[in-house]
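Visitor: Sharing a structure below in structure tokens format, with a few things to ask.
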Amino acid sequence: MMHHAAMERDPAAGAEAALLRAYARGDPGAARDLAEAVVPRILAQAQRMLADPAEAEDVAQEAMLRLWRAAAGWRDDGARLGTWLYRVTANLCIDRLRARRGPVGTEGLAEPPDPSPSAADRLQGRARLRALSDALARLPDRQAQAVALRHLEGLSNPEIAAVMEIGIEAVESLTARGRRALAAALAGRREELGYDDATD
């Protein structure tokens, strides 16, 4: 589907590949530059999917370890670091969400504690994120990944297709099914979580 111009060497991808090779060689400057560039992105994505700062930190550490392992063999073939990071971070988060599911058939989500009036707004925001994350945990892995990339990360369907290495039609099917399942999982908690007027 891509025309030839899109397949030509991407200068940014070339710069990323050079940085990764330096990182693989143990260049401390490259390690620092790479960490500054990618750790905040990994943390933000993991926090959105998991709604748990400690788990997000663990995911960031594991993703950086995987990046270090992959760096030596990184090919300067236009493969984008951002796409790779989305994929690895989403997969690591899905592993943690799967562990959170517990035994099949456990119904209901953890109730948030009673908020004091001053903390109510902040807690509602946190409770909403956690409820969304727990609902994601109940979806099949591929649906959860597609929904998270679309609605938490704001990626387009072609970008999700590249991250998940599937076709665009498959992305559309996964996100549609995932959204329906997510809406069903959250249905009983809309009012409590402040979703009454929400359309999305």
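Visitor: For region 150-185, how many residues meet the condition of being of a type in the set (Ser, Thr, Tyr) and more than 22 Å from Leu85 (Cβ to Cβ)?
Guide: Residues of region 150-185 that are of a type in the set (Ser, Thr, Tyr), as a first pass: 156, 173, 175.
Adding the requirement that they be more than 22 Å from Leu85 (Cβ to Cβ) leaves 173.
Matching residues across region 150-185 total 1.
Visitor: In this structure, is Val38 crowded, with 17+ Cβ neighbours inside 10 Å, among the β-branched types (Val, Ile, Thr), without any contact (Cβ under 8 Å) to a residue 60 or more places away in the chain and more than 25 Å from Gln143 (Cβ to Cβ)? If you could, list the steps in order and put the result at the bottom.
Guide: Working: crowded, with 17+ Cβ neighbours inside 10 Å: yes; among the β-branched types (Val, Ile, Thr): yes; without any contact (Cβ under 8 Å) to a residue 60 or more places away in the chain: yes; more than 25 Å from Gln143 (Cβ to Cβ): yes.
So Val38 passes the test.
Visitor: A follow-up question, please. Run down Arg96, Arg75 and say which single residue is free of Cβ contacts under 8 Å to residues at least 60 places away in the same chain, of a type in the set (Lys, Arg) and over 28 Å from Ala127 (Cβ atoms).
Guide: Numbers: Arg96 fails: over 28 Å from Ala127 (Cβ atoms).
Criteria check complete, one pass: Arg75.
Visitor: Here are the criteria: (1) under 22 Å from Glu55 (Cβ atoms); (2) modelled with pLDDT of 70 or more. Tell me which single one Ala184 does not satisfy.
Guide: Tallying (1) under 22 Å from Glu55 (Cβ atoms); (2) modelled with pLDDT of 70 or more, Ala184 fails exactly one: (1).
Visitor: Answer with yes or no whether Leu149 is outside any helix (DSSP H, G or I), under 15 Å from Arg48 (Cβ atoms) and modelled with pLDDT of 95 or more.
Guide: No, not satisfied.
Visitor: Within region 111-128, does at least one residue satisfy the condition of being surrounded by 13 or more Cβ atoms within 10 Å (Cβ to Cβ) and at pLDDT 90 or above?
Guide: no
Visitor: Ok, one more. Which condition from (1) in contact with a helix residue (DSSP H, G or I) (Cβ under 8 Å, 6 or more places away or on another chain); (2) outside any loop (DSSP other than H, G, I, E, B) is the one that Leu155 breaks?
Guide: Result: Leu155 fails condition (2) only.
Visitor: Further, regarding this structure: Within region 27-55, can you find the residues that are closer than 21 Å to Leu97 by Cβ, among the small types (Gly, Ala, Ser) and not in a loop (DSSP other than H, G, I, E, B)?
Guide: Across region 27-55, the qualifying residues are Ala44, Ala46, Ala54.
Visitor: Go through Leu20, Leu67 for me and flag whichever is aliphatic (A, V, I, L, M), farther than 25 Å from Ala131 by Cα, part of a helix (DSSP H, G or I) and touching a residue at least 60 places away in the same chain (Cβ under 8 Å). Write out each step before concluding.
Guide: On the way: Leu67 fails: touching a residue at least 60 places away in the same chain (Cβ under 8 Å).
Every option except Leu20 fails the conditions.
The values are calculated or read from the model by the stated rules, or taken from the named source; none is laboratory data. Note that this is a predicted model, so its numbers are computed, not measured. Backbone-built Cβ (ideal geometry, glycine too); neighbour counts: all protein chains shown.
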